[in-house]
Amino acid sequence: AASPPRPVSIEELMETAKGVTNMALAHEIVVNGDFQIKPAELPEHSLEKKVRDIVHKAFWDCLEAQLKEDPPTYDHAIKLLGEIKENLLSFLLPGHTRLRSQITEVLDLDLIKQEAENGALDISKLVEFVIGMMGTLCAPARDEEIKKLKDIHEIVPLFRAIFSVLDLMKMDMANFAVSSIRPKLMQQSAEYERKKFQEFLEKQPNSLDLVTRWLQEAADDLAKLSCKMLPPHCSGDGATGGVSDLCSTAVQNQAYLKLLKWDHVNRPFPEVVLMDQTRFQEIQLELEQLLLIGTVLLVTFSAAGSALVDMPGFAEKIKTIVKVLLTGMHLPSFNLKDSLATIGEKVCAEVNSCLSQHGFTPFSAERETVLKGQIQAVANPDNTICKLIDSRIQKFLENYLASSHQKSSPAIPGGLGPIQRELEEVAVKYVRLVNYNKMVFSPYYDAVLAKILTKE
């Protein structure tokens with residue numbers, strides 16, 4: 001008989017949720033090279049934003065009223081100076097002894113209170129010191145914000161602006177810390193994720209079924225490919241060019257390439273990469289758009305001849321037109337044929353404009369019709385040029401994956417020059433994701449592939 005379910009306490013649930021949240025955050029920092037902490041923005045017209053705005057306004061109105069009294073009351077202002085002092089001290093490193101002494105000496109709250117009581121407090125002088133210290137401690141990107149502070153002469157707006165810039169400086173500090181800990185976090189996060197997956201695997205022993213099928217298909221693909229490349233007399237020899245001759249790394253790379261052509265609607269994703277399914281899907285959609293852009297550009301340059309190939313800015317103009325008109329191409333409501341028809345019209349107009357500007361003969365009506373037809377033909381799944389560009393993109397990603405631990409990047413295949421920058425950006429993101437997943441799950445891949453590659 002099955003054991004009755006063990007009661008789970010609220011504390012255990014909270015601890016588990018916290019662990020999952022922390023793991024997801026660490027995973028995001030590691031695989032997302034662009035990860036940054038950003039300010040929380042409350043939705044416009046939301047109750048939270050209205051309450052916050054009312055409280056903030058009440059606070060600043062109170063400060064303004066105190067400073068306008070005769071003599072001025074400095075209770076609120078001194079509290080703010082205390083907060084500013086703590087913020088400035090938090091930006092210091094252990095070696096900043098001189099700066100620490102300066103901040104502590106100038107922003108001595110006890111002394112400031114005594115000066116306020118005796119009517120000798122010069123608040124503008126203290127604020128001037130604060131702005132100078134912020135300029136010393138801020139990142140170069142914040143120099144412009146610091147400069148703007150010096151142009152504010154009313155004390156209440158100045159205090160508000162100072163706190164706004166301090167918030168930006170806190171984010172800069174946090175993002176610097178994130179980038180600094182990423183290498184160390186990568187190793188720790190990989191070990192933690194592997195440990196959690198192992199715990200899950202012990203409870204669900206069939207949790208590698210999808211992975212096994214995924215790796216088996218990748219091995220079969222490579223075996224077929226190697227058989228095609230062998231001389232005819234070797235193709236029947238079971239000991240040559242079969243699965244057993246494949247390299248584990250090559251099979252893993254082929255498996256990860258298959259994720260870029262995945263049918264996410266009808267087929268479950270392999271267990272070990274489930275956390276990154278959305279990321280792989282986003283990369284897949286980016287590549288599908290790049291495929292269309294690259295194909296349209298190649299067709300256009302072939303039709304226009306050598307006259308426009310090296311024309312400064314021409315490729316970027318065409319690329320921008322195509323990108324804009326392919327926006328939302330993965331939505332159900334998107335009509336690819338209509339969009340390609342519009343792209344054909346726009347591209348022909350741009351080609352003729354550019355030819356005329358540089359003293360060349362514009363396209364005849366017949367040549368325009370041919371180019372528009374070639375662009376519309378891109379919608380056909382069997383389009384030869386589309387298939388050619390797709391195979392070259394896949395080959396580039398395969399080479400990028402294979403050379404990911406080398407200093408130099410692989411050469412860009414012919415015909416992909418106009419989309420090189422975008423393709424390399426996608427490749428960097430993709431390879432970072434793949435390498436991290438390999439770091440986490442390589443023991444499981446090795447175990448599965450040991451069976452696949454040694455069986456008859």
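Listing for the model above:
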quantity: Residue-normalised accessible area of the stretch 268-451, given per residue in Å² at a 1.4 Å probe; calculated: 49 Å²
quantity: Cα-based shape type of the stretch 47-179, given that a ≥ b ≥ c are square roots of the gyration tensor eigenvalues and the cut on a/c is 1.5; calculated: oblate
quantity: Local electrostatic count at Gly135 - Lys and Arg +1, Asp and Glu -1, tallied over other residues with Cβ under 15 Å; calculated: -2
quantity: With every protein chain in place, the stretch 268-451: carbon and sulfur % of accessible area (1.4 Å); calculated: 55 percent
quantity: Most to least accessible of Lys258, Lys317, Lys150, Lys38 (protein chains only, probe 1.4 Å); calculated: Lys38, Lys150, Lys317, Lys258
quantity: Radius ratio Rg over Rh of the stretch 249-311, counting only Cα atoms, Kirkwood formula for Rh; calculated: 1.20
quantity: Cα-based convex hull, the stretch 268-451, per residue volume (Å³, whole number); calculated: 138 Å³
quantity: Whole-number accessible area per residue in Å² for the stretch 95-176, which is evaluated in the context of all protein chains at 1.4 Å; calculated: 60 Å²
quantity: Difference of contour (0.36 nm per residue) and Cα-Cα distance, Asp75 to Leu93; calculated: 3.5 nm
quantity: Extension gain, Asp53 back to Phe360 (0.36 nm per residue minus Cα-Cα distance, nm); calculated: 104.4 nm
quantity: Sites Asn266 and Lys38, calculated FRET efficiency, Cβ-Cβ separation with R0 35 Å, nearest 0.05; calculated: 0.45
quantity: Most to least accessible of Phe334, Phe314 (protein chains only, probe 1.4 Å); calculated: Phe334, Phe314
quantity: For the stretch 312-323, Karplus couplings with θ = phi - 60° (6.51, -1.76, 1.60), whole Hz, Gly/Pro x; calculated: x, x, 5, 4, 5, 4, 4, 4, 4, 4, 5, 4
quantity: Whole-percent pair-distance distribution, where bins are 5 Å wide, for the alpha carbons of the stretch 371-456; calculated: 3, 12, 16, 16, 15, 13, 11, 9, 3, 2, 1
quantity: Rg(Cα)/(2.2 N^0.38 Å) for the stretch 318-424, N = residue count; calculated: 1.29
quantity: Sum of side-chain charges, Leu298 neighbourhood, beta-carbon under 14 Å (Lys, Arg +1; Asp, Glu -1); calculated: +2
quantity: In order through the stretch 200-213: 3J(HN,Hα) via Karplus (6.51 cos²θ - 1.76 cosθ + 1.60), integer Hz, x for Gly, Pro; calculated: 5, 5, 5, 7, 10, x, 8, 6, 10, 4, 5, 5, 4, 5
quantity: Rounded FRET efficiency, nearest 0.05, which uses the C-beta distance separating Leu388 from Lys203 and R0 of 51 Å; calculated: 0.60
quantity: Accessible surface of the stretch 47-179 [probe 1.4 Å, protein heavy atoms]: carbon and sulfur percent; calculated: 55 percent
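The values are calculated or read from the model by the stated rules, or taken from the named source; none is laboratory data. It should be emphasised that the depicted structure is a prediction, and the values quoted were computed from it without experimental measurement. When we count neighbours, we look across all protein chains shown, and the Cβ atoms used for this are built from the backbone with ideal geometry, even at glycine. Heavy atoms of the whole protein, side chains included, go into the accessibility calculation; ligands, DNA and RNA do not. Shrake-Rupley method; radii C 1.70, N 1.55, O 1.52, S 1.80 Å.
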